[in-house]
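So the structure is just underneath, and the comments pick up after that.
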Amino acid sequence: MRATLILISVASAFAAESAPKAFTAIQKRWWAIQPVREQTPPVATLSRIDAFVHAKLQGKGITPNPSADPVTLLRRATLDLTGLPPTPEETQAFLSDRSPEAFAKVVDRLLASPRYGERWGRHWLDLARYADSEGFKADETRPNIWRYRDYVIQSFNEDKPYNRFVQEQLAGDEMFPGDAQALVATGFNRHFPDEYNARNLYQRRQELLNDITDVVGSTFMGLTFGCARCHDHKFDPILHKDYYRLQSFFAGLHIDDQATLASPKAQQEYQAQLKVWEKATFDVRKEIASVLKIQRDFRVKENFDKFPEEIQASVTCAPEKRTPMQWQMYYKAMPQLTFDDAEVAKGIRGDVKAAYQKLAAKLKTFDHLKPAELPITQAMVEDVAAIPSTHVLRGGAYDAVDEEVQPGFLSILDPSDLRLPAAPAGKSGRRTALAKWLTDPANPLTARVIVNRVWHYHFGQGLVATPSDFGLMGARPTHKELLDDLSYRFVRDGWSIKRLHREIMLSETYRRSSDFAAAAGQADPENATLWRYNRRRLEGESIRDSMLAVSGLLNTKMNGPGVFPPLPAGVETRGGWKRDESLEEARRRSIYIFVRRNTRYPMFEAFDMPDTHESCARRNQTVTPSQALELMNSEMVLDWSKGLAARVLNDAGLSREAMVDRAYRLVYARPASDDEKRLASDFFTRHQPILAARSAPLVVPDKLPSGIQPIEAAVLVDLCHALFNSNEFLYIN
Amino acid sequence: MLQKLQHHWPVRSRREFFTAAGSGLAGMALSSLMAEAAPRRGDLLAARPPHHAAKAKSIIFLFMEGGPSHIDLFDPKPKLKELHGQPMPASYGKLITAMGTANNSIMASPREFKQHGQSGLWVSDWYPHIAQHADELAVLRSCWANGLNHVGSVCQMNTGDILAGRPSLGAWTTYGLGTANRNLPSFVVMQDDKEPLGGTKNWSAGFLPATYQGTQFRTGDTPILNLKPGGNATSEQQLSKLSYVKALNARFGEGKDDDTELDARVRSFELAYQMQSAGPEAVDLTQESEATKRLYGMDDPATLPYGRNCLQARRLVERGVRFVELYCGSGSGWDAHQNIEANHAKWCRASDKPIAGLLTDLKARGLLDETLVVWGGEFGRTPFNEKGDGRDHNPWGFSMFFAGAGIKPGQAIGTTDEIGLRAVERPAHVHDIHATMLHLLGMDHLQLTYQHNGRAERPTIVGGSLIHELLA
């Protein structure tokens, strides 16, 4: 086994480093593992958040910015919570509401909007490395994984308590048996990139477990567990052993891509009807089986022969004799040895094919007897017979097996092996124990990590600037007392994320203007003291959704399988992109666009959407010419500009001034100033003869109101296009 | 305490780190740590100084996708003739292979090897034109890699890891050096056939900012996505619109001078506008003479696709593109599980004259001194047969060749065992190859780090050492 030798030789390089070590004083004093304590705000007259922030500002002698103007604030809050800009009507309503609660009412309205879950769910999907396909070479579709995406959106919308949200995703099958949503939630651990037709399944299984361990460690605990895969963490008190202690919680997991969501009653009815169909089709199915037998046996043997002997044995072994590891191999191997009739039939020719087609047609005549398919999801569940022992692996190599470990937590917090709680039949209770530990009010990490994430998404910068690294090499909290105060009350008051949003957004700190101020800017250029709000670019999804919304084209239909908007000419899709999507479907919100690992939607790729192979806690915010090309040249953005022009013409009539004003209100949520109207008027004057000189047909809205010259409408399209390309539209200010 | 950076920073405390950083010992690490504290924003393509004087300005990576058979091209094994038809001797141990072929019999090379040039380098008759450049090549016969399957192995040859998600070598290059031509992408990928296996993962920026990812050039006059304005906009129309956008941005930018990103975005539109003409110009082969096109084999349908790409690669490196990757047999063309004769005859023919033409042309134009040309696949092929006349994947030992900037030419380095199964003398892992390529571009793979999820990640992960024998 040469491959093994190679891995061992890599592993041995680290063997010398893996001797047990005592924790250092710095590690023991590490802030993130100290208990979260209730805090007393330093100033009584301010909101709690503002009080803590104020104390820091005062300490540094920095004067914070005043509040942003109402329009900026409304646009900020609306984009922040829903990923869409405010409508002119919403702006008007807010501006005319003189009550002191006006902004609080806006926040409540936005939190109650279904658009909220579509925005904040997307943040969670970044962390969960969510995708609708497997990755690797074949990148097969995961046909039912979208239920997890919908589950996340729904959970945010209904403000599911975060502790419950964690429990469902890690142990939904175990803790809430019979709860369909909790089963869908286990898809969290199903999002690893996978190569289902790998040969060395021992290695593949280990890679999946590594992925799960790393993602669980970073997402829920904010720790870089991955650094301890090969050796003790170099800085944080995460032992090499702790990596595998965490991993062993998941040792018994296997993929269940046919996990039923139907009620027991519906399942019974289904089974009963299925029997009817099976009885009626018994003969024809038997004939089909016999026609396909040679080809099927060939296909199975072909794949079977490619497996190493140990894996072949896992398949052929009598079920009652399978060891836990053999069960694991069996679960991974079987999809490669299972073919449906249509798949097998691809390999037959001539008479056999003709005979098969005839039989298949006959079988189809019984379809009326077939029960409707039950809803299924792609889950990650445990089989208690399939929990192999977990070992420390030298250098992280799958076959460089060292001491055995039991499930356990960070040794610095609790070095003992886990005592497993009671679990339903067929379950070990391992993940229940992990989920309960994570959501125990005394856990120092869970609440701090999620509270900081929420803060990060609101401000573009967390109180801890490294949201998935609370370790010693991560950033220190800029406002530790504030983080603790929020975290403490977050748990005490029921783990409500909406409540947290509300508190943050109603603070003065959130409402500050993003303007530059010389003195404060000099004292604190990085804005660590939060003297101003951080201006930031919209994410790719928000840019697209905002353009669709502003142009009146957005389809707000929720949920369901991923959609496939048309791609620009020249994008290689390897057949993985449905080409016949209806225009209506193509205009749904970005979160519903199919996430294919090997063909990311080009606009999102250009605008820094993470690549879905790893958990992503912080997106980059780059500026590239390809973004500019996307905005200024893509037919799609031009199409939406046409939509916006049509809407403007419809609303404003024929006067240029009115058109410009309406366009500004729709795009920027504010009226155009006289100056800006002049600027636009100059553009009309300059641009019209240029368009008149074109030989190609003018680009105008599909239906022009009577009285408008096509060339005037064409200038308006370009004006709208320019607004979509402008910084005021692309940035949250 | 000055030492090379590992993927972690060996200091005992944060305080010590900043003491070290402040004294200038850890400038590189500090800048990457700052990058972590504040996500990368703004214009990331500014040219940056190399770690040391660069030998190569550009790399052209000729990627023979699917796994060319080293033992039929650059690594002659007479022993295979002797053992032909017999099982592999037990001394070679047990193997897991991609197709479970390890018990199949040894198959001799169907080709003839000859020594070429002053150096006497061995090349088989599958590569007659390249053989004429023998004295310019350094053949590394002892490469090895970790993956058994294509997608993982192609991924590793590009990113260092068989699991997708890490930055490609070309992305690291742009990250390390910035761009030398604002009007063109710095890292360009071209294919001659189907999509390479794993697709964009192979030229991905991974966890680096997306700015650094490779740009896939399409054939035709608009090599880059969205290069042509929608709605058939004329140049005047576009300029008029862009000047309006600029005026809008100027108003919005009032009092926001501190925000360099807003300014960078304004400039990004200007760059994009320039790309619209620079992109098509770079791939406009009508500017090349018929003689040049013939040199690359563009007059023959069999050699046209790869010849065209090779010629475009020369034009791109002339224009300052730092990393050009040309897939040959893209979509796993070289994957000769059966009938290697027909398979390799086809792809050798498709690549032989174009590559020889490229070497000739680069040399004639004085570009070979500043361009590193690398030839290789994701792995080699087994000495035992598959399906009687093919060969299975072999990541344990295979050949690559290097030519041009900074390379000591006319030599073969390292060996595989007697049957060409495993690298024996001077084994060179993919990470060593990557470290050496980066070295020639002026970068130290240990210093080229990016802080990600708590680690100072580098292109060679936890491995990599220079292959000094390759260097002039």
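Read-outs: derived from the displayed coordinates by stated rules, not from any lab. Computed from a predicted structure; not experimentally measured. Please note: Cβ atoms are built from the backbone with ideal geometry, for glycine as well, and neighbour counts cover all protein chains shown.
Among B:M298, A:M659, which comes first, second and so on when ranked by fewest other beta-carbon atoms within 10 Å? Arranged by neighbour count, lowest to highest, B:M298, A:M659 become B:M298, A:M659. Measuring between their Cα centroids, segment B:92-108 and segment B:274-321 lie 42 Å from each other.
Out of segment A:373-462, which GluC sites (Glu not before Pro) are coil in DSSP terms and have no more than 10 other C-beta atoms within 10 Å? Answer by residue number: A:E373. Does anyone have the angle between helix B:235-253 and the longest principal axis of chain B? Alpha-carbon axes, 0 to 90°, nearest 10? Roughly 60 degrees, rounded to the nearest 10.
Could you tell me how far the Cα centroid of segment A:548-602 sits from the Cα centroid of segment A:180-255, in Å? If you average the Cα positions of each part, the centres end up 31 Å apart.
The angle between the Cα long axis of helix B:430-440 and the longest principal axis of the Cα atoms of chain B comes to about 50 degrees, rounded to the nearest 10.
The alpha carbons of segment B:94-231 stretch over 59, 40, 33 Å along the principal axes, in descending order. For segment A:706-723, the Karplus equation 6.51 cos²θ - 1.76 cosθ + 1.60, evaluated at θ = phi - 60°, returns couplings of 5, x, 9, 6, x, 5, 5, 5, 5, 5, 4, 4, 5, 5, 4, 4, 5, 4 Hz by residue, with Gly and Pro reported as x. Rounded to the nearest 10 degrees, the angle from helix B:304-318 to the longest Cα principal axis of chain B is 50 degrees. Cα-based values for segment B:41-90, radius of gyration first and Dmax second, are 22.1, 63 Å.
Loop-located trypsin sites (Lys or Arg not before Pro) across segment A:571-625 with a Cβ neighbour count of 10 or fewer within 10 Å are A:R579, with loop assigned by DSSP. Pairs from the table (A:K306/B:K94; B:K57/B:K363; A:K578/B:K228; A:K301/A:K358; A:K301/B:K387; B:K194/B:K346) lying more than 19 angstrom apart at Cα are A:K578/B:K228; A:K301/A:K358.
For segment A:223-380, a simple Cβ point-charge model (Lys and Arg +1, Asp and Glu -1, everything else neutral) yields a dipole of about 360 debye relative to the Cα centre.
For segment A:262-374, the residue among A:T281, A:F339, A:P319 whose Cα projects farthest onto the positive side of the dipole built from Cβ charges is A:T281. Under 5 Å between amide hydrogens, built in the peptide plane, is the criterion, and for A:I238 it picks out A:H233 among residues at least 5 positions away or on other chains. Take every Cα-Cα distance within chain B, group them into 10 Å bins from 0 onward, and report for each bin the whole-number percent of pairs it holds. Answer for chain B: a P(r) of 4, 20, 29, 24, 14, 7, 2, 0, 0 percent. Neighbouring Cβ atoms from other chains, within 10 Å of the Cβ of residues in B:154-166, number 3 on average.
Across segment A:262-374, C-alpha contacts under 8 Å between residues 6 or more apart give a mean separation that, scaled by the residue count, equals a relative contact order of 49 percent.
Counting beta carbons within 10 Å around each of B:T219, B:T360, A:T224 and listing the fewest first gives the order B:T219, B:T360, A:T224.
In segment B:67-165, which GluC sites (Glu not before Pro) fall in coil by DSSP and have 12 or fewer other Cβ atoms within 10 Å?
B:E112
Computed over the protein assembly as shown, the range of Cα coordinates on each principal axis works out to 95, 78, 78 Å, biggest value leading.
If each residue's Cβ is checked for other Cβ atoms within 10 Å, how do A:V291, B:V324, A:V315, A:V392 rank with the fewest at the top?
Fewest-to-most ranking of A:V291, B:V324, A:V315, A:V392: A:V315, A:V392, A:V291, B:V324.
Computed over the alpha carbons of segment A:635-732, Rg followed by Dmax gives 12.6, 39 Å.
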